[in-house]
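Read-outs throughout are calculated quantities, based only on the coordinates presented, and are distinct from any laboratory measurement. Keep in mind that this is a model prediction, so the values were computed, not measured. We place every Cβ from the backbone using ideal geometry, glycine too, and count neighbours over all the protein chains shown.
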Amino acid sequence: MDEGEGLTTFIETSVRVQVDRRQRRRDFVAKGLAAAETAKRTGRYTDAAQVVARLEGILDQASKRAGNP
């Protein structure tokens, strides 16, 4: 707990954070399942190597913006 923080506030904040985290997880899983169903229905899949390459590009751009070589 932070200095001056009461137990009630600590518990309330912890519960709110957990509820939010669980909702985000449910949303993430639902989005993934919907994408899988779309791929299955259309037969259009993205190669894992393409996904990794795109993510690496995004990471490289972010690193350059942050001033990291």
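Among the residues in region 52-69, are any exposed (fewer than 10 other Cβ atoms within 10 Å of the Cβ) and touching a helix residue (DSSP H, G or I) at 6+ places or on another chain (Cβ under 9 Å)?
Yes, that holds for at least one residue.
List pairs: first residue in region 1-25 and part of a loop (DSSP other than H, G, I, E, B), second residue surrounded by 10 or more Cβ atoms within 10 Å (Cβ to Cβ) and among the hydrophobic types (A, V, I, L, M, F, W, C) anywhere in the structure, Cβ distance under 9 angstrom, at least six positions apart or on different chains.
Pairs found: 1/10; 2/10.
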